[in-house]
Amino acid sequence: MLDKLVYFLSVVRTGSFSDAARHYGISASAGSRWIIELEEKLGVSLLKRSTRKVVATEAGQHLYDRFNGVNAEIEDIFSELQHFGQEERGTIVVASTPLYARRFLARIVGEYLLDHPKVSFRIIETAFDVDMVEDVDFFVRANATYDGFQEKDSLLIRRSLQRYPLVACCSPQYAERYGIPQTPQELSKHNCLFAHTLVGGNKWVFEYQGEYTTVKIARTVEVDDSEIIKSIALTGGGIAYLPLMMLRDELADGKLISILGDYLNAEFELNLYYRQRKQMPLLCTNFKDYMIKRTREIGELEP
């Protein structure tokens, strides 16, 4: 509720949904939805919308006049608390896709605790969307991206952490028994392994000579853990579509073989999300900066 009220102040001040949204790092449509939710909560219309400008209704102006001063006091309080001592202490809550948690986050948190012994962490390992959980400070999600990809509307700020090519692959045993598909369309006749929340679910995207093909694959195994998918592929259970960073060793020693090499694959992107706040606690700001820096450094060290 407080975020919506603060955003409402900015809309009245600027007379524009888009200008206010740009200030808070969210889309104009997300900001418009925020205002609608605030109006529904209060049971009154707050803004008059036109093609040229947004102005407050009588009720909206009253809310602006009463809350504007209160918000300034709240910001002052936050600013004062930021400077209460320099020692970092408190709990940071991170919700992360399993792949990032195991390959990056565990190492990053371990390193951070060496120098910040009074900081504690609660890590929620999940591939699902948890951005409505109020006590989570940071969210790490994975997406399959390609030219023209549009992420769903979100009120969260997004920072890209790492990008990797996706690779379609299978074991030599699977290829010997069932053959290798020569085009993406042939995947519908094969056993395919997928994570619904990680790499596009049962719709895989390939590009050939500038044209994109979306293929609805056979739903053989669905599990929201890429490591499990790789294990099933290694035993000959089917075709997987996974980020290259997971497959380098297996591809090098022949335990897995890359298929559909004439087609360019979508990319696998790890993203960090967090809420827009006027004053992010120093505890969270420092860890955020360290997490972004170390994720990119660790990624650069991979073969």
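The values are calculated or read from the model by the stated rules, or taken from the named source; none is laboratory data. No experiment lies behind these values; they were computed from the predicted model shown. For neighbour counting, all protein chains shown are included, and Cβ atoms are generated from backbone atoms with ideal geometry for every residue, glycine included.
Evaluating Glu222 against the criteria (1) surrounded by 16 or more Cβ atoms within 10 Å (Cβ to Cβ); (2) under 28 Å from the mean Cα position of the chain (by Cα) leaves one unmet condition, (1). Cβ-Cβ contacts under 9 Å between residues 6 or more apart (or on different chains), taken from a first residue in region 97-126 that is over 25 Å from Phe268 (Cα atoms) to a second residue that is surrounded by 15 or more Cβ atoms within 10 Å (Cβ to Cβ) and charged (D, E, K, R), are listed as Glu111/Arg294; Tyr112/Arg294; His116/Glu88; Lys118/Glu88; Val119/Glu88. Within region 163-180, count every residue that is under 28 Å from the mean Cα position of the chain (by Cα) and surrounded by fewer than 21 Cβ atoms within 10 Å (Cβ to Cβ). Qualifying residue count for the region: 3.
Within region 263-280, restricting attention to residues that are over 30 Å from Lys4 (Cα atoms) and in a strand (DSSP E or B), which residue is modelled with the lowest pLDDT?
Among those residues, the one meeting the criterion is Asn265.
Could you say whether any residue in region 238-254 is of a type in the set (D, E, K, R), at pLDDT below 90 and surrounded by fewer than 18 Cβ atoms within 10 Å (Cβ to Cβ)? No, there is no match, as no residue in region 238-254 is of a type in the set (D, E, K, R), at pLDDT below 90 and surrounded by fewer than 18 Cβ atoms within 10 Å (Cβ to Cβ).
With respect to being without any contact (Cβ under 8 Å) to a residue 60 or more places away in the chain and surrounded by fewer than 21 Cβ atoms within 10 Å (Cβ to Cβ), Ser188 fits the description.
Scanning region 215-262 for residues that are touching a helix residue (DSSP H, G or I) at 6+ places or on another chain (Cβ under 9 Å), assigned to a loop (DSSP other than H, G, I, E, B) and under 27 Å from Glu300 (Cβ atoms) yields a count of 4.
For (1) out of contact with any strand residue (DSSP E or B) (no Cβ under 7 Å at 6 or more places or on another chain); (2) closer than 28 Å to Tyr274 by Cβ; (3) of a type outside the set (Phe, Trp, Tyr); (4) not in a helix (DSSP H, G or I), each residue gets a yes or a no:
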position	(1), (2), (3), (4)
Asp3	yes, yes, yes, no
Asp19	yes, yes, yes, no
Ser32	yes, yes, yes, no
Glu37	yes, yes, yes, no
Val44	yes, no, yes, yes
Lys48	no, no, yes, yes
Asp65	yes, no, yes, no
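Applying the condition of being aliphatic (A, V, I, L, M) and over 22 Å from Arg66 (Cβ atoms) to region 10-51 and asking which residue is surrounded by the fewest Cβ atoms within 10 Å (Cβ to Cβ) yields Ala28. Would you mind stating whether Leu283 is surrounded by 15 or more Cβ atoms within 10 Å (Cβ to Cβ) and assigned by TED's automatic domain parsing to the domain that holds Trp204? No. Within region 1-51, the set of residues being hydroxyl-bearing (Ser, Thr, Tyr), out of contact with any His (no Cβ under 8 Å at 6 or more places or on another chain) and free of Cβ contacts under 8 Å to residues at least 60 places away in the same chain comprises Tyr7, Ser16, Ser18, Ser32, Ser45, Ser50, Thr51. Identify all residues within region 204-232 that are closer than 17 Å to Glu267 by Cα and touching a Gly at 6+ places or on another chain (Cβ under 8 Å); write none if there are none. Hit for region 204-232 is Tyr212, nothing else.
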